[in-house]
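The values are calculated or read from the model by the stated rules, or taken from the named source; none is laboratory data. Predicted model, so just to flag it, every value in this text is computed and none were measured. Backbone-built Cβ (ideal geometry, glycine too); neighbour counts: all protein chains shown.
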Amino acid sequence: MRLLTLPVCATALALAIAPQAIARDYGQHGAVWPVIEPDLLQQIHARLTQLEKTGETARLNEELKRRTIARVNRPEPVAGVALASALRSWRFDPTITAPRDIADDKGRVIIAAGTRVNPLDTVPLRAPLVFLDGDDTAQLAWATRRYASTKAKLILVRGAPLELMKARQRRFYFDQGGTLVKHFGIRAVPATVEQQGQALLITEQPVTPQERAPS
């Protein structure tokens, strides 16, 4: 019986002295200051109000508008694309391999992982893609003359597409960021991409002196 009461007594004693130990005053160690921090939203509002009063906001908006219009009219040239100085031609296989199962909206697998798919089987390239430097009058003359009666897509890597559309009454595109030339491995212009069977034939070709006559 004594063995059973000893743990109970020890527990009661611990509970009796615990509050005293917790409530002990250890005194103050070091100086204490109140937290003073400016309100971030108030700072932002004050800054915007100041910009509005000085006319800086209007100036910044006008500058953004001007730069946006300039970038639309003349996008950033594609870096790393040179003037074609020699004929270079190769075949490009657009076939891709599905990395995982592709299912429809009902969860049914329509393309199994590992399946090889050639986009040209369902979506053929109906018109040539012609990449050129829009600031090179010789390339423009060559492209617009050679592809005058076709629906070829004229894609610039440099130049002003909107200005050219107005001047030549034909649609021009721009390879923003060089996405297409990087995908096809094009290093020089003018270059063409045309379908040949189930592959694409890509050709970089210099403009000959005879073809340099303005159109």
In segment 110-119, residues that are surrounded by 12 or more Cβ atoms within 10 Å (Cβ to Cβ) and free of Cβ contacts under 8 Å to residues at least 24 places away in the same chain total 3
Cβ contacts < 6 Å: first residue surrounded by 12 or more Cβ atoms within 10 Å (Cβ to Cβ), restricted to segment 76-100; second residue small (G, A, S), any location; separation 6+ or different chain. Result?
V78/G178; A84/A188; A98/A113
Within segment 76-122, count every residue that is assigned to a loop (DSSP other than H, G, I, E, B), under 27 Å from P190 (Cβ atoms) and within 26 Å of the chain's Cα centre (by Cα).
10
Would you tally the residues in segment 148-162 being in a helix (DSSP H, G or I) and either touching a strand residue (DSSP E or B) at 6+ places or on another chain (Cβ under 7 Å) or modelled with pLDDT of 95 or more (or both)?
1
Against the definition (farther than 16 Å from S89 by Cβ and at pLDDT below 95), how does K182 come out, yes or no?
no
Only one of these is closer than 22 Å to I202 by Cα, in contact (Cβ under 8 Å) with a residue 24 or more places away in the chain and part of a loop (DSSP other than H, G, I, E, B): R145, R126, R170. Name it.
R126
